[in-house]
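Below is one structure, written out as C-alpha cells; the observations come after it.
Here, each number is a calculation from the coordinates, and none is a lab measurement. Note that the structure is a prediction, hence the values are computed from the model and not measured. Quick reminder, even Gly has a Cβ in these numbers, built from the backbone with ideal geometry, and neighbours come from all protein chains shown.
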Amino acid sequence: MSVKPTKAMVLAAGLGLRMRPLTDRMPKPLVQVAGRTLLDHVLDKLKDAGASEAVVNVHYLPDQIIDHVAPRKKPRVIVSDERNHVLGTGGGVVKALPLLGDAPFFLVNADTLWIDGVRSNLARLAETFNPARMDILLLMAPTASSIGYEGSGDYAMLPDGALRKRKEHQIVPFVYAGAAIMSPSIFAGAPSGEFSLTKMFDAANEQERLFGLRLDGMWMHVGTPDAVGAAEEAFLESVA
C-alpha cells in the first residue's frame, strides 16, 4: 500500500556558510541556478508530485524567503518562523508537526537540486513508500554519477531498498539526495529543542524501517559557489 503525500516540509533555515560570499546578503535557498532559485526548483517539483501545501521553515535572513514565497499558489506555502530559535533539522520538523498533520509527508532540503529522469522522483518516492514496512524512505543518489559530490557516501542499499549506514573508513555507493518521505509518528519520542534529523534516520535504521530509492536522473551537490556553475551546465545540457 503506497501513500500519496499532499503536504511537504521544506528545510530552508540553514545559514549556508559554505556558500559565502553568495550568502552574505541572501539565504542559500534563494541562490539561483539556471534562472530559478534553489527553493523554486524544489517547490516546482513538489507541485508536480501533487503536494498542495509546503511548510517552509526560515531562520537566516527570513524576510527575504517570506517575501519570495508569498505570491506562490501551488503548492500553498506556510512559513514556520524560527528566527528566534536554533532548532536544527530535526527540531525544525518537530516545530512544524502541527502544520503537517498525521499522514506521511515529503521532506525536502531547500538547497537540494536534481534533474529528474523519465519520471518525477518525488512521485516515485510516493509510489514506493509503504507505511507497513517503513518509517522513512530516502531518495538516494549514486555517488559515482553525482555532480559536485566528493564524499564517501552515506548508505549501502540492499536489493529490497533497506539501507545500511556507512561505517567509519568505509566507502558506500549512495548519498542521501535531500528528499524523503517520513511518517510523523516517528517524532513521538523526539527531543525538544535543537537536534539533527540524522537522529531519526539512525533510529529508523536500527529498527530496520529505513529504506532508500535510487534516484533516476542526475543529482547535484550545490554546496559552494563553485558548484553553482557546474549545476547550471548540467541543467543546460539536460534541456538541450
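For the chain, a simple Cβ point-charge model (Lys and Arg +1, Asp and Glu -1, everything else neutral) yields a dipole of about 380 debye relative to the Cα centre. Please work out the FRET efficiency for the pair Ala103 and Asp216, using the Cβ-Cβ distance as r and a Förster radius of 30 Å; give the result to the nearest 0.05. My answer for the efficiency is 0.75.
Which value, in Å³ per residue, describes the convex hull spanned by the Cα atoms of the range 172-230?
Per-residue hull volume (Cα only) is 135 Å³.
For the chain, the residue among Asn205, Pro173, Met220 whose Cα projects farthest onto the positive side of the dipole built from Cβ charges is Asn205. Just checking the listed ones, Ala70, Ala156, Ala51: in the Gaussian network model of the chain with Cα springs under 10 Å, the one fluctuating most is Ala70. Placing a label point 7 Å from the Cα of Arg119 along the Cα-to-Cβ line, the residues of the range 15-55 whose backbone N sits under 15 Å from it are 49-50. Extension gain for Lys4-Ala144 works out to 47.4 nm (0.36 nm per residue, less the C-alpha to C-alpha distance). Stokes-Einstein diffusion for the range 1-114 at 20 °C, viscosity 1.002 mPa s, with a Kirkwood radius from C-alpha pairs, works out to 152 µm²/s. Give the relative contact order (percent, whole number) for the range 129-193; include only Cα pairs under 8 Å separated by 6+ residues. It rounds to 40 percent for the range 129-193.
Under the rule that an exposed site lies in a DSSP loop and has at most 16 other Cβ atoms within 10 Å, name the longest stretch of the chain with no GluC sites (Glu not before Pro) of that kind, not counting the sites themselves.
Free of exposed loop sites, the longest segment is 1-149.
Once the Cα-Cα distance is subtracted from the 0.36 nm per residue extended length, the Gln207 to Asp24 segment shows a gain of 61.8 nm. Helix content alone sets the calculated 222 nm mean residue ellipticity of the chain: runs of n ≥ 4 DSSP H residues at -39500 (n - 2.57) each, divided across all residues, give -8000 deg cm²/dmol. Each 10 Å bin from 0 upward holds the following percent of the Cα-Cα pairs of the chain: 8, 33, 40, 18, 1. Checked against a 29 Å cut-off, the cross-linked pairs Lys45/Lys199; Lys28/Lys74; Lys74/Lys199 give Cα-Cα distances beyond that limit for Lys74/Lys199. In a GNM of the chain with a 10 Å cut-off on Cα contacts, which of Ser192, Ser120, Ser80 has the highest mean-square fluctuation? Most flexible of the set in this elastic network: Ser192.
Using only the alpha carbons of the range 110-240, what is the convex hull's orientation-averaged projected area in square nanometres? The partial results should precede the final answer.
On the way: hull surface 36.6 nm².
The Cα convex hull of the range 110-240, projected and averaged over all directions, gives 9.2 nm².
The relative contact order of the range 7-239, computed from alpha carbon pairs under 8 Å that lie at least 6 residues apart in sequence, is 26 percent. State the Cα centre-to-centre distance between the range 196-213 and the range 31-50 in whole Å. Using only Cα atoms to place each centre, the spacing works out to 26 Å. Judged by the gyration tensor of its Cα atoms, with axes a ≥ b ≥ c, the range 7-47 is oblate; a/c meets the 1.5 cut and b/c is at least as large as a/b.
Under the 0.36 nm per residue contour assumption, what length would be gained going from the current alpha-carbon distance of Gln32 and Glu168 to full extension?
Extra length available between Gln32 and Glu168 comes to 45.5 nm.
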